[in-house]
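See below for the structure under consideration.
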Amino acid sequence: MQHIMPALWKPGRGVFMKELDMNLYLFQFYHEVDVKRVMEGCPWSFNRRALVMARLKERENPRCVDLNFLELWVQVHDLRIGFISEKILTGIGNYIGKFVKSCPSNFTGAWRDYMRIRVSIDLCMPLKRRMKIKMTGDDWYWVNLKYENVPTFCFICGIIGHSDRFCSKLFEVAGDDIAKPYGSWMRAPFRNQVKPIGAR
């Protein structure tokens, strides 16, 4: 970790790292630009496990910080035209977890297949698969949710941090009765980068 993460982040003004406890680390950056780049790039992973990060407040004890939340970009699919607004996206974000912000390109340019929102997700709660919404006088319908760069999550309970091979529900329900309501379809495919015409 000591050499891998700085090499991945490439901080322009450097970073100091200290191990505080088992699986607990303190990173000190020397410029705000580097802090923002790393925090907005979450989630990061190390050895295939999510690196859960939180920014310290002034005089806050790093050993007492709540590390039960992870920010992710979530794609909102099948949202009807009349429902595309900042207010609706904020409501969807707060249903998933805690709304952080919308993608700046949501309301610009050409038609999009989905909207993107940044959401802070409680790691003790299952991921949301979809959401049922309606407007006054309209019928209910479902919007589907896909998570970008989401770490390992369980297809049985929907919680981030373990796979279905290690779910505690395996000890509670007979093997033949185990349901898997979550799945790989909740992972958003990697977004293609648009290259200039003529680029290799």
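Laboratory data are not the source of any read-out in this text; all were calculated from the coordinates shown. The structure presented is a predicted model; accordingly, all values stated were derived computationally and were not measured.
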Pick from Arg116, Arg63, Arg130: which is most flexible by mean-square fluctuation in a GNM of the chain where alpha carbon atoms under 10 Å apart are linked?
Arg63
The Rg/Rh figure for the stretch 4-67, Cα atoms and Kirkwood Rh, to two decimals is 0.92
Dividing the helical contributions, -39500 (n - 2.57) per DSSP H run of n ≥ 4, by the residues of the chain yields a 222 nm value, nearest 500 deg cm²/dmol, of -3500 deg cm²/dmol
Can you tell me, using C-alpha contacts under 8 Å and at least 6 residues apart, the relative contact order of the chain as a whole percent?
16
Most mobile of Ala179, Ala54, Ala188 per a Gaussian network model of the chain (Cα springs, under 10 Å)?
Ala179
Just need the relative contact order of the stretch 70-186 here, percent rounded to a whole number, with Cα pairs under 8 Å and 6+ apart.
26
